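Here the structure comes first, spelled out in structure tokens, and everything after it is commentary.
The values are calculated or read from the model by the stated rules, or taken from the named source; none is laboratory data. Fair warning: this is a prediction, and the values are worked out from it, not measured in the lab. With ideal geometry, Cβ positions are generated from the backbone for all residues, glycine too; neighbour counts draw on all protein chains shown.
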Amino acid sequence: MLDRARDTGKNDQGARAVPTISRDEVAHLAGLARLAVTESELDTFAGQLDVILDSVARVGEVAAEDIPPTSHAVPVTNVFRSDVVRPGLSQEQALAGAPAAEENRFRVPRILNEEA
Amino acid sequence: MTSTASGGGPSDGRTDTAALTGLTAAELAAKLAAGEVSSVEVTRAYLDRIAAVEPAVHAFLHVDEEGALAAARRADEDRAAGRASSELAGVPLALKDVLTTSDMPTTCGSKMLEGWTPPYDATVTRRLREAGVVLLGKTNMDEFAMGSSTENSAYGPTRNPWDTERIPGGSGGGSSAALAAFEAPLAIGTDTGGSIRQPGAVTGTVGVKPTYGGVSRHGLVAFSSSLDQAGPCGRTVLDAALLHEVIAGHDPLDSTSVDAPVPQVVAAAREGAAGDLRGVRVGVVRELGGEGYQEGVQRSFRAAVDQLTALGAEVVEVSCPHFDYGLGAYYLIAPSECSSNLARFDAMRYGLRVGDDGSRSAEEVMSLTREAGFGPEVKRRIMLGTYALSSGYYDAYYGQAQKVRTLITRDFTAAFEQVDVLVSPTTPTTAFRIGERVENPMEMYLADLCTIPSNLAGNASMSVPSGLSDEDGLPVGLQIMAPPMADDRLYRVGAAYEAARDAAQGGALIDRVPQLEVA
């Protein structure tokens, strides 16, 4: 941990016996986020994310039990428009950037794990 | 006009080019209106300048010579027929590569979108075209606008024209560097945590983050939807104002766009330039200064505050105690929204697809593609956001950050009951060296310390150059903050300060940018 904290240049604040986030947790997060990260990336990210989380966790020092959360800077409500047909993208335009297309549709890899 | 020619580069032997590229957008607009110059001539001058200095600067990811000249010809024809589309018709502009363009690639500085040309124009792009503005090309940026140095671009960093060993800020470093290198008179940036203002500060240019919702986000590739805001960049406050009025206004295609009249920012800039700030109350934010701020930045800031006092403003100190927690709240909220927004890059509908050899499932292809297509900073933020939003951590991280966001907004509200605008340095330091902070993300994040509160609260904010730091000779920015939908106050105070600064410092700051090596 000490070495890792030094690597990220935060040895004065980052050195703790128990990291905020472990290497295994980072591997789990990468899976959830659909990122096929390498072993060496995991080493780097685990140290960096630990330092970042340790720093941003300072928000916990603020007494805010009764404070309502803000999700948006301006008040946001649903905006409706009348349900009339308007021009949109043509099929050709929509497929123009597709990695693969077939019969005027997006062609995607199989979505189930069994062999087709 | 003698002062402006030097920055445009007389030593590169292209005196005509230098004479035109040294002009401000307002000056160009006047010459176009008077028929003294054509848009084609202006556009060619800028394309020549781009060709000459791009090897040294790398501000652009894409230059559309043919499209720019065609737009310039149309602007000239329209003007000849007596129907110029706007005051800025025929004036060239550099567009950040995060706004969609139907006739140019839009990569967001990422391998994920390499070569992708979107099927539609962003509302900002459309409004620029309708105003007759000439789009020169797309500017470099940190990947998906995440970063403070442009080093996170998959296509290599942009260099700061003041010192090409240093960063031009980020994420909109391409736009700010294009202005400082006289490759464009105007540029568009986007600001999620400071990506317009911080690059403006470190390149000696003007950048404005309008009130959230003031400019449409339709076609702005989303990073953090509750914080992202497009805005104008220029070499002068008036130029930024002219551009602000072209791009601002309600858009039915963006449900968060504010349905209210656009603040009269051009009139405010012109009024401000008269140099009278009597009756204006200015608050110096106590929490945005002191320890950790570079000495030269602090001295430049204090001189700017003295100048505001000399212009007649009433200056007081105000406290915004929760600003100390802004950085933490931002680096929880922005990554959380980023992890959700960037889920769209799934290798199915557009962009990169890797590993689809027939044997792999969609999920495997998705994971391999995202691994190959995203750079390290984007991956870090996606994982950070995934963590902050996961059950068990949500309340302590994302939920708490949202409450802190409320408290920061309340700090602003209380401060604006006492004063008309708030001021601070835009950044704690001047431009750092390329490579200096790459290995240390938390150090990099500190560059956004002063700019973040206005993103969290959604109010309007500007960076205007305050001079050069006396210890390293690099530009320093003065940040001016105004209440939501009071963007005009930024321009009035900014223009007054700019005129006083130029008078006190013996000419426009931007004309002191060193000569670049030309190809």
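Here A:36, A:64 are screened, and the one residue that is within 7 Å of another protein chain (Cβ to nearest Cβ), within 20 Å of residue B:402 (Cα to Cα) and outside any helix (DSSP H, G or I) is A:64. Whenever a residue of the range B:114-141 is on the phi > 0 side of the Ramachandran plot, its partners that are among the aliphatic types (A, V, I, L, M) and in a strand (DSSP E or B), lying with C-beta atoms within less than 7 angstrom and at least six residues away or across chains, give the pairs B:137/B:63; B:137/B:94. Among the charged types (D, E, K, R) and either within 14 Å of chain A (Cβ to nearest Cβ) or over 23 Å from residue B:312 (Cα atoms) (or both), is that true of residue B:417? The answer is no for residue B:417. Can residue B:443 be described as at pLDDT below 95, outside any loop (DSSP other than H, G, I, E, B) and over 30 Å from residue B:48 (Cα atoms)? Judged against the criteria, residue B:443 is a match. Number of residues in the range B:73-109 that are within 14 Å of chain A (Cβ to nearest Cβ) and within 20 Å of residue B:158 (Cβ to Cβ) equals 6.
Going through (1) in a helix (DSSP H, G or I); (2) in contact (Cβ under 8 Å) with a residue 60 or more places away in the chain one by one, residue B:352 falls short only on (1).
Among A:50, A:83, A:43, which is the only one that is part of a loop (DSSP other than H, G, I, E, B) and more than 7 Å from chain B (Cβ to nearest Cβ)? That would be A:83, the only listed residue that is part of a loop (DSSP other than H, G, I, E, B) and more than 7 Å from chain B (Cβ to nearest Cβ). Taking the stated definitions as given, is residue B:329 touching a Phe, Trp or Tyr at 6+ places or on another chain (Cβ under 7 Å), buried (at least 19 other Cβ atoms within 10 Å of the Cβ) and over 14 Å from residue B:419 (Cβ atoms)? So residue B:329 does not fit the description; no. Working only within the range B:385-414, note down all residues that are more than 7 Å from every other protein chain (Cβ to nearest Cβ) and closer than 30 Å to residue B:282 by Cβ. Answer for the range B:385-414, where residues must be more than 7 Å from every other protein chain (Cβ to nearest Cβ) and closer than 30 Å to residue B:282 by Cβ: B:408, B:410, B:411, B:412, B:413, B:414.
Among the criteria (1) of a type outside the set (Val, Ile, Thr); (2) in contact (Cβ under 8 Å) with a residue 60 or more places away in the chain; (3) buried (at least 18 other Cβ atoms within 10 Å of the Cβ), the one residue B:339 does not fulfil is (2). Per the conditions (1) assigned to a loop (DSSP other than H, G, I, E, B); (2) hydroxyl-bearing (Ser, Thr, Tyr); (3) within 28 Å of residue B:346 (Cβ to Cβ), the sole criterion not satisfied by residue B:125 is (1). As a summary of the residue check, residue A:89 satisfies the conditions (1) surrounded by 12 or more Cβ atoms within 10 Å (Cβ to Cβ); (2) facing chain B (nearest Cβ under 7 Å); (3) at pLDDT below 95 except for the one numbered (1). If only residues of the range B:365-383 that are within 25 Å of the chain's Cα centre (by Cα) and facing chain A (nearest Cβ under 9 Å) are counted, the one that is nearest to residue A:33 (Cα to Cα) is B:382.
Per the listing B:292, B:312, the residue uniquely modelled with pLDDT of 95 or more and outside any helix (DSSP H, G or I) is B:312.
With respect to residue A:95, determine if the residue is surrounded by 15 or more Cβ atoms within 10 Å (Cβ to Cβ), more than 9 Å from every other protein chain (Cβ to nearest Cβ) and modelled with pLDDT of 95 or more. Here the answer is no, as residue A:95 does not meet what is asked.
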